[in-house]
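*Asks:* Got a structure for you, written out below as structure tokens; questions coming shortly.
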Amino acid sequence: MAKHWYVVQAFSQYEKKVRDSLKDYIARHEMEDYFGEVLVPTEEVVEVRDGQRRTTERKFFPGYVLVHMEMNDDTWHLVKSVPRVLGFIGGTADRPAPISDSEADQILNRVEESVDKPRPKTVFEPGQEVRVIDGPFADFSGVVEEVNYDKNRLRVAVTIFGRSTPVDLEFDQVEKT
């Protein structure tokens, strides 16, 4: 039988503990052949705190753990017996359904992309008011005109001497007001 990706619901804030416990249970019950990867989907995010640029990890599916496994009665019972596991998502209570390969690929790609290129912790939208906190325009307020997530930059219309002036800034140079 082939392995598929299943979504396991865990207590919120305990995803990593559930992942570690599940790996431990798999090893203890010598069921490594039935299981592949056990993963908490996270992404790297960049934020500025106290003037320092920091990269932190954020779960993009809080409360869920992805498990690559072969589904049978033994593996189902093993996963369900792990502390802080609420159950599987999808399918029926006794016959969980795996997520599609395309959904799994999408999640795995997002995890890998975030390692190479961390996302900003804050999401900006055109028309939003922001305050510049760094650079020559520090302490000026403005309105977001354009957002470029690929380059982590935005164009902000800042009022200087009574005139609106477009300024290109990095995400970490502004904060939401």
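*Asks:* Can you give the FRET efficiency for Glu170 and Ser12, using 1/(1 + (r/R0)^6), R0 = 45 Å, r = Cβ-Cβ distance, to the nearest 0.05?
*Replies:* Values: r = 32 Å, r/R0 = 0.72.
Calculated value: 0.90.
*Asks:* For segment 98-114, take each phi angle, set θ = phi - 60°, evaluate the Karplus expression 6.51 cos²θ - 1.76 cosθ + 1.60, and give the result in whole Hz per residue in order, putting x for glycine and proline.
*Replies:* For segment 98-114, the Karplus-derived couplings read x, 7, 5, 4, 5, 5, 4, 4, 4, 5, 5, 5, 5, 5, 5, 4, 5 Hz, x marking Gly and Pro.
*Asks:* Between segment 37-95 and segment 101-143, what is the C-alpha centre distance in whole Å?
*Replies:* 23
*Asks:* Please list the three semi-axes, largest first and in whole Å, of the ellipsoid equivalent to segment 60-110, using sqrt of 5 times the eigenvalues of its alpha carbon gyration tensor. Mind showing how you got there, number by number?
*Replies:* Values: eigenvalues 80, 37, 19 Å².
Working from the Cα gyration tensor, I get semi-axes of 20, 14, 10 Å.
*Asks:* Shifting gears a bit: Using a 1.4 Å probe on the protein heavy atoms, what percent of the accessible area of segment 1-160 belongs to carbon and sulfur? Walk me through the numbers on the way to the answer.
*Replies:* Working: 4330 of 9550 Å².
That share works out to 45 percent.
*Asks:* Which translational diffusion coefficient, to the nearest whole µm²/s, is obtained for the chain from the Stokes-Einstein equation, given a Kirkwood hydrodynamic radius over C-alpha pairs, 20 °C and 1.002 mPa s? Show your work: numbers first, answer last.
*Replies:* Working: Rh = 18.9 Å.
Approximately 113 µm²/s, per Stokes-Einstein.
*Asks:* Still on this model: Over segment 25-69, give the accessible area per residue in Å² for a 1.4 Å probe, as an integer. Don't jump to the answer; show the numbers that get you there.
*Replies:* Details: 2540 Å² over 45 residues.
Value for segment 25-69: 56 Å² per residue.
*Asks:* Further question: I'd like the Karplus ³J(HN,Hα) series for segment 137-146: coefficients 6.51, -1.76, 1.60, θ = phi - 60°, whole numbers in Hz, and an x wherever there's a Gly or Pro.
*Replies:* 9, 4, 6, 8, 10, x, 10, 5, 9, 8
*Asks:* Could you compute the net charge surrounding His29? Neighbours are other residues with a C-beta less than 12 Å from the C-beta of His29; K and R count +1, D and E count -1.
*Replies:* Working: positive: Lys23, Arg28; negative: Asp24, Glu30, Glu32, Asp33, Asp74.
Residues near His29 contribute -3 overall.
*Asks:* Please enumerate, by chain and number, the lysines with C-alpha under 27 Å from the C-alpha of Lys80, excluding those fewer than 8 residues away in the same chain.
*Replies:* Candidates past the 8-residue exclusion: Lys3, Lys16, Lys17, Lys23, Lys59.
*Asks:* Can you give the FRET efficiency for Asp24 and Asn72, using 1/(1 + (r/R0)^6), R0 = 22 Å, r = Cβ-Cβ distance, to the nearest 0.05?
*Replies:* On the way: r = 20 Å, r/R0 = 0.91.
After rounding to 0.05, the efficiency reads 0.65.
*Asks:* Students often forget the sequence filter, so: which lysines lie under 17 Å Cα-Cα from Lys151 once same-chain residues fewer than 8 apart are removed?
*Replies:* Lys117, Lys121
*Asks:* How would Asp20, Asp101 rank on accessible area, largest to smallest, probe 1.4 Å? It would help to have the intermediate numbers written out before the result.
*Replies:* Details: Asp20 80, Asp101 105 Å².
Correct descending sequence by accessible area is Asp101, Asp20.
*Asks:* Next question, about the same structure. Ranked by accessible surface with a 1.4 Å probe, highest first, in what order do Phe140, Phe88 come?
*Replies:* Numbers: Phe140 70, Phe88 35 Å².
Greatest to least solvent exposure: Phe140, Phe88.
*Asks:* What FRET efficiency comes out for the pair Ile160/Leu108, r = Cβ-Cβ distance, R0 = 41 Å, nearest 0.05? Display every interim value, and only then the final one.
*Replies:* Details: r = 46 Å, r/R0 = 1.12.
The value I calculate is 0.35.
The values are calculated or read from the model by the stated rules, or taken from the named source; none is laboratory data. From a predicted model like this one, the values you see are computed outputs, not experimental measurements. Note that we place each Cβ from the backbone using ideal geometry, even for glycine, and neighbour counts take in every protein chain shown. Side chains are part of the model used for accessible areas, which takes the heavy atoms of the whole protein and leaves out ligands, DNA and RNA. Shrake-Rupley method; radii C 1.70, N 1.55, O 1.52, S 1.80 Å.
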